1. Against the conditions (1) crowded, with 17+ Cβ neighbours inside 10 Å; (2) within 30 Å of S142 (Cβ to Cβ), where does S253 fall short? Just the number, please.
2. For a quick check of your reading of the model, give me the residue pairs whose first member lies in region 389-411 and is exposed (fewer than 11 other Cβ atoms within 10 Å of the Cβ), whose second is assigned to a loop (DSSP other than H, G, I, E, B), with beta-carbon atoms closer than 7 Å and at least 6 apart or on different chains.
3. Looking at (1) within 24 Å of the chain's Cα centre (by Cα); (2) at pLDDT below 95; (3) over 25 Å from W316 (Cβ atoms), can you tell me which one G82 breaks?
4. Checking W114 against (1) touching a Leu at 6+ places or on another chain (Cβ under 9 Å); (2) of a type outside the set (G, A, S); (3) farther than 29 Å from K51 by Cα, which test does it fail?
5. What is the one condition in (1) out of contact with any strand residue (DSSP E or B) (no Cβ under 8 Å at 6 or more places or on another chain); (2) surrounded by 13 or more Cβ atoms within 10 Å (Cβ to Cβ) that N260 does not satisfy?
6. Do you know which of the residues in region 98-117 that are touching a Ser or Thr at 6+ places or on another chain (Cβ under 9 Å) and not hydrophobic (A, V, I, L, M, F, W, C) is farthest from T26 (Cα to Cα)?
7. Name the single residue, out of those in region 176-191 being hydrophobic (A, V, I, L, M, F, W, C) and assigned to a strand (DSSP E or B), that is nearest to the chain's Cα centre (by Cα).
Amino acid sequence: MGNAPETYAANIVYEQGSDNGFTWNTVPSSLGNSHIRPEKKYEYEFGLESKFFNNRLGFDVSYYNNRVKDQILSTPQPSSSGAKYMLMNVGEVANQGWDVAINATPVLTRDFRWDLTATYGVYKNKVVRLADGVPYLEIVNSGGSGIKIQAVEGQAMGDIYAQVPQMNEKGEYLVSDNGLYLNQSELQKVGNINPDGVGGLFNSFSYKNFTLDISIDYRIGGDVINEMNQYATGLGLTPESLKYRDTEHGGLSYYYPGDNNSTAIPVQVAPTTAAGPNGEHIYHDGLILPGIVASTGEQNTRIIPAAYYYNMTYNWGTNSEQLTYMNSVFDNSYVKLRELALSYRFPQKVTAKLGMSGLSLSVFGRNLFYFYKALKNYDAESSVGTSWANQAVVGNSTAATRNFGFSVRASF
């Protein structure tokens, strides 16, 4: 099976504008490719479906395996080439997975019926090969290159890479003279956006002319990049950033000799200390990051203020010291009540008098609430876009909404 790029996407065209009546043309930041080849997909699938007890119990199991060769993606290019991205055949990706569905009618009487459907799917992928000269494929670049979603040959699609602290041979973190962790020079893998499994649970309860439908979705595993948490924590706007802010939240007490907080090294004191030896002001928002000072090889004893720690850790961009997005990569498992609907079907003798063959009235609610979600303080589906990769980035999205409504269905 073949797959061509989107219509006109392979064209190489100029962007045109004008100033004071003069028309100008520029090369766009994303180029097409007149030599692009169609994707080719090779796939096989098999499954088994069975039903028992007069169709009151059944299952459907299927397995699929496919490979997409010459996959078409917009690929980062050196700025010296004249463009940031170019449409390319980037390599080969293998996908495989299982889908399982169980259908049952646990209760069936003259007036009452309970129908149940449960589904679960497992999906795995792997980057088999990338184009020659392409060491990795950058799918999402966020936070000024502070965190990325990349495809690396031999690894799963959707791996998340971010700055992480350096460690010595004993596994101890290395700390700078400023009391902050020293980051590794290269981004390291800190997660993957693909869930371990997804599925749903649908229940339908019917009593005479009334029907209650309950739809539940669930997702197990898979990480999400929470940009809102990153920047809000840096500004002290999240509950987690209360830690170390005062004595009650674990903050250490200290003062700056001579009240010189620009160059003096803080000195730790007891929380009950009223002032320093020369009347210095006492602060109660200190912390000491556990680790080894890189320049001396000794245990770190440098106190740093909580505000300094959060600002330097949860911020935008990249930095050799401490700044990292790894603390804003979260598991995105959840169980959600997707929809709840109550319907009433009018008796046939009523609809016949109205000249109808059927009439029903329904009230419903959608996106109602989570039974469980691992992502605290944020909606698990508040992503920045609709693509498979952007759905794993939380930030700059509109607030999640619940929908309520009613519907009337009539047939003639």
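1. For S253, the exception is condition (2).
2. S411/M356; S411/S357
3. Unmet for G82, out of (1) within 24 Å of the chain's Cα centre (by Cα); (2) at pLDDT below 95; (3) over 25 Å from W316 (Cβ atoms): (1).
4. Failing condition for W114: (3).
5. N260 satisfies every listed condition except (2).
6. Top of the filtered list is D111.
7. My answer is V190.
Yes/no per residue for (1) at positive phi; (2) touching a Gly at 6+ places or on another chain (Cβ under 8 Å); (3) assigned to a loop (DSSP other than H, G, I, E, B):
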| position | (1), (2), (3) |
| --- | --- |
| A9 | no, yes, yes |
| I36 | no, no, yes |
| K41 | no, yes, no |
| F46 | no, no, no |
| E49 | no, yes, no |
| V61 | no, yes, no |
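The values are calculated or read from the model by the stated rules, or taken from the named source; none is laboratory data. These figures come from a predicted structure and were not determined experimentally. Ideal geometry is used to build each Cβ from the backbone, glycine not excepted, and the neighbour counts take in all protein chains shown.
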